[in-house]
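As structure tokens, the structure follows; a few thoughts come after it.
The values are calculated or read from the model by the stated rules, or taken from the named source; none is laboratory data. All values derive from a computational prediction rather than experimental measurement. All Cβ positions, glycine included, derive from the backbone under ideal geometry; neighbour counts span all protein chains shown.
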Amino acid sequence: MDTLYIIAITIIKTAVYFGILMLHVAYATYAERKVIGHIQLRLGPMVVGPHGILQPIADVIKLLLKEDIVPAKVDKAIFKAAPIISLTAALSTFAVIPVDKNWIIADINVGLLYVIGIAGIGTYGIIFSGWASNSKYAFLGGLRSAAQMVSYEVALGLSLVGVILMAESFNLTEIVNKQTEYWYGMFLFPQIIAYFVFVVAMLAETNRLPFDLPEAETELVAGYFVEYSGIRFSLFYLAEYLAMFCMSALATICFWGGWTAPPILIKTFPILEFVPGFVWFLIKVYFHIFLFFWLRGTLPRYRYDQLMAIGWKVLIPLALINIVVTSIVKYYY
Amino acid sequence: MQNNDIKVKELTVNMGPQHPATHGVLRLVLELEGEVIKKCIPHIGYLHRGIEKLSEDLTYVQSLPLTDRIDYLSSMVNNVGFCVAVEKLMGIEVPERAKFIRTMMAEMARICSHLVWIATHALDIGAMTVFLYAMRDREELLEMFEMVSGARLTVSYPRVGGVRCDINNRFLDKLYNFIEKFPKKVEEYETLINRNRIWLKRTKGVGVITAQEAINWGLTGPTLRGSGVYYDVRKFFPYDAYEKVDFDVPVGKNGDVYDRYRCRMLEFRQSARIIKQCIEKLPEGPILADNALRIRMPESPLKIDKKDIIFEIYIEDKQIQEFIQKFTEVYASVEAPRGELGFYIVCDDSSKPYRMRVRAPSFVHAGVLPKLCEGSLVADVIANIGSIDIVLGECDR
């Protein structure tokens with residue numbers, strides 16, 4: 001009976017979490033178009049609803065109703081499985097991400113490892129889609145993506161080692177709790193190098209500008225999902241945005257103190273204590289999401305070899321130095 | 001371990017003719033080894049409209065609108081080029097005012113065309129925002145073209161022997177305001193990309209062509225000047241009012257994508273300078289030469305049905321007869337935004353050219369692509385296409 005109860009609660013939790021998450025993702029696309037629109041002196045979507053507020057819903061309906069084209073010469077099974085793998089991987093990461101105190105589906109002890117591991121599986125979706133599409137453009141996109149994600153995952157993982165050392169735990173809730181012990185309430189300042197490496201690797205990991213080579217519009221037209229249409233295309237799209245949210249949430253939890261407000265801020269303005277935790281969390285996450293949009297509106301794209309050079313020659317050494325320094329400081333103090 | 005069953009060959013990728021970054025309908029067949037290009041073969045001709053052949057069946061006046069369609073991004077310069085050639089053929093002296101107006105218009109077209117270039121070039125390399133900034137400014141220029149000619153792209157504004165209609169103060173005010181603000185706007189684009197590390201990495205040392213090679217390949221315009229060759233038709237064979245205005249010709253040094261980019265960015269400012277001088281020095285007077293080619297309309301056009309009007313249009317043959325004695329062929333070129341745009345016309349004793357040949361810079365520049373691309377990476381192809389700035393309409397004609 002007890003087991004059944006736990007299963008039922010978990011399913012309900014997951015469903016609620018899923019629904020809210022999807023709403024956020026849908027409106028992140030809207031936010032992106034609005035933010036980039038205003039950066040580029042445009043208005044962005046304005047037609048559907050006031051200020052285009054219903055645009056994401058219209059988009060979803062359009063994508064669902066579109067014809068689902070499976071080209072004749074593709075490897076059908078893998079072609080169909082690829083977007084599902086991508087999406088499942090992206091969604092699964094959210095199981096361990098705490099939004100507020102105890103607002104979490106699975107509070108496991110190796111949360112951080114789990115997130116990085118599952119996020120890595122998303123790469124398979126991209127490689128499979130590139131290979132199964134039987135198209136040269138998709139193939140090149142898939143290969144680029146494989147190389148990029150593998151090399152940047154190393155940098156991403158290494159940048160988090162500093163945080164793990166400081167928190168002495170892989171548990172995400174534990175990491176957040178540890179940060180409140182500092183008066184500024186975040187690992188951002190002691191781990192500033194790691195944060196820099198993390199942000200750059202996060203951009204590369206989610207295939208966003210200036211590292212959006214797998215889907216470089218102008219060279220590879222669309223990259224790995226060039227042959228996809230309708231709902232299958234939107235699954236990839238969804239996975240990309242979910243990955244953005246996942247990485248932003250990870251940055252928030254590991255470097256910005258998650259759902260907690262900096263203690264110094266609470267001390268100065270006691271009224272802030274009444275702001276619920278998830279609000280702090282969302283503010284921090286949306287700051288990172290905005291960062292993604294902002295960079296997309298500003299920067300050009302790196303070339304493939306340059307991207308690899310940055311990953312291996314700059315980010316990984318930086319992350320390693322950070323680990324060494326953190327360890328030494330940790331050992332003596 | 002050697003496995004003889006496995007065959008290794010290059011991956012052949014067909015880039016274009018429908019590709020977002022080949023600037024029209026250029027088709028490149030790339031042979032790749034990994035990401036490195038082993039061979040690059042450009043295929044052209046997807047936009048061939050037979051403009052040269054078509055002009056053999058049209059009178060000199062009727063050919064003019066055809067030249068709009070050669071390079072649709074700077075139709076004003078094409079018109080001027082054609083008019084300069086026909087004027088040279090027939091010895092028509094253009095009035096001063098018309099010369100200044102034409103110069104002004106040609107420079108406006110140059111700014112317009114370069115704006116499209118910076119927009120697409122930046123977009124190809126990934127900087128999206130520059131695209132919309134440039135399009136915003138181009139819009140103002142297109143509005144001004146509409147004010148003088150009624151059309152935004154295919155203007156057909158210059159005439160053989162002058163220009164079609166006079167410009168008024170309202171237009172001049174608007175143009176002056178634009179030109180005053182314009183150098184600031186160019187700086188705005190430059191802040192976005194000029195000192196951007198990613199931009200520099202993508203453009204410096206990419207697609208290098210030395211000065212000697214550039215001359216051998218027949219490059220002209222900013223593509224040639226980027227390699228450090230000082231050549232500009234406006235300086236060496238001045239036409240219209242270019243002798244009477246001061247301007248510099250920016251020259252690059254290394255001949256890479258970045259230098260070609262710098263040349264064009266500096267040309268923005270020079271064009272603005274020329275336009276400003278043209279507005280200040282604009283003389284009064286007629287805008288069309290007395291012996292300009294005119295179309296003689298039937299006495300009362302209302303009474304004749306449409307079919308007859310078309311057959312009635314002809315130019316006064318007497319003029320041509322006079323000058324035909326002196327010239328039978330002529331070559332005249334102008335500095336188009338993309339390079340030297342030349343018109344070679346052979347005439348017989350009719351009111352139509354016997355043969356018209358257009359020397360299009362884009363055609364020559366498309367040929368140099370394999371030289372620039374081979375040995376570089378896929379992403380560099382895009383940067384190279386952007387930096388030689390080809391328009392396929394001009395390439396295929």
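The residue of segment B:86-145 that is nearest to the other protein chains (Cβ to nearest Cβ), among those that are in contact with a Ser or Thr (Cβ under 9 Å, 6 or more places away or on another chain) and acidic (Asp, Glu), is B:Asp124.
Residues are listed down the side, and each one gets a yes or a no for (1) modelled with pLDDT of 85 or more; (2) in contact with a Lys or Arg (Cβ under 8 Å, 6 or more places away or on another chain); (3) closer than 29 Å to B:Cys83 by Cα; (4) not hydroxyl-bearing (Ser, Thr, Tyr):
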residue	(1), (2), (3), (4)
B:Val186	yes, yes, no, yes
B:Asn196	no, no, no, yes
B:Lys201	no, yes, no, yes
B:Glu213	yes, yes, no, yes
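Quick one: which helices (runs of 4 or more DSSP H) lie wholly within segment B:160-239 and hold at least 1 residues that are surrounded by 15 or more Cβ atoms within 10 Å (Cβ to Cβ) and more than 23 Å from the chain's Cα centre (by Cα)? Even if it seems obvious, please write down each step before you answer.
Working: elements: B:169-193, B:197-203, B:211-216, B:221-225, B:233-236.
The helices (runs of 4 or more DSSP H) meeting that bar are B:169-193, B:197-203.
On the given criteria, is B:Ser387 within 14 Å of chain A (Cβ to nearest Cβ) and at pLDDT 85 or above? It is true that B:Ser387 is within 14 Å of chain A (Cβ to nearest Cβ) and at pLDDT 85 or above.
Listed conditions (1) among the small types (Gly, Ala, Ser); (2) touching a Leu at 6+ places or on another chain (Cβ under 8 Å); (3) modelled with pLDDT under 85 are all met by B:Gly45, apart from (2). Residues in segment A:74-131 that are acidic (Asp, Glu) and in a loop (DSSP other than H, G, I, E, B) were compared, and the one that is modelled with the highest pLDDT is A:Asp75. The set of residues from segment A:274-305 being closer than 21 Å to A:Ile193 by Cα, buried (at least 16 other Cβ atoms within 10 Å of the Cβ) and away from chain B (no Cβ under 14 Å) comprises A:Lys284, A:Val285, A:His288, A:Ile289, A:Leu291.
Somewhere in segment A:36-55, is a residue basic (Lys, Arg) and in a helix (DSSP H, G or I)? I'd like the intermediate steps shown before the answer.
First, the residues of segment A:36-55 that are basic (Lys, Arg): A:42.
Add one more test, that the residue is in a helix (DSSP H, G or I), and what stays is none.
No, because not a single residue in segment A:36-55 is basic (Lys, Arg) and in a helix (DSSP H, G or I).
Among the residues of segment A:126-185, the one identified as buried (at least 24 other Cβ atoms within 10 Å of the Cβ), more than 30 Å from A:Ser229 (Cβ to Cβ), within 18 Å of the chain's Cα centre (by Cα) and not aliphatic (A, V, I, L, M) is A:Ser159. Within segment A:205-234, the only residue that satisfies the criterion of being at pLDDT 80 or above, part of a helix (DSSP H, G or I) and β-branched (Val, Ile, Thr) is A:Ile231. I'd like to check something: does segment A:59-67 contain any residue that is away from every other protein chain (no Cβ under 14 Å), surrounded by 12 or more Cβ atoms within 10 Å (Cβ to Cβ), in a helix (DSSP H, G or I) and over 27 Å from the mean Cα position of the chain (by Cα)? No, because not a single residue in segment A:59-67 is away from every other protein chain (no Cβ under 14 Å), surrounded by 12 or more Cβ atoms within 10 Å (Cβ to Cβ), in a helix (DSSP H, G or I) and over 27 Å from the mean Cα position of the chain (by Cα). Please go through (1) within 21 Å of B:Asp248 (Cα to Cα); (2) within 14 Å of chain A (Cβ to nearest Cβ) for B:Thr220 and return the number of the only condition it doesn't satisfy. Here B:Thr220 meets the rest and fails (2).
Here B:Val330 clears all of (1) modelled with pLDDT under 70; (2) of a type outside the set (Phe, Trp, Tyr); (3) under 29 Å from the mean Cα position of the chain (by Cα); (4) outside any loop (DSSP other than H, G, I, E, B) except the condition numbered (1). The set of residues in segment A:306-333 that are within 30 Å of A:Thr29 (Cα to Cα) and within 11 Å of chain B (Cβ to nearest Cβ) comprises A:Gln306, A:Leu307, A:Met308, A:Ile310. Among the residues of segment B:367-384, the ones that are away from every other protein chain (no Cβ under 14 Å) and surrounded by 24 or more Cβ atoms within 10 Å (Cβ to Cβ) come to 1 in all.
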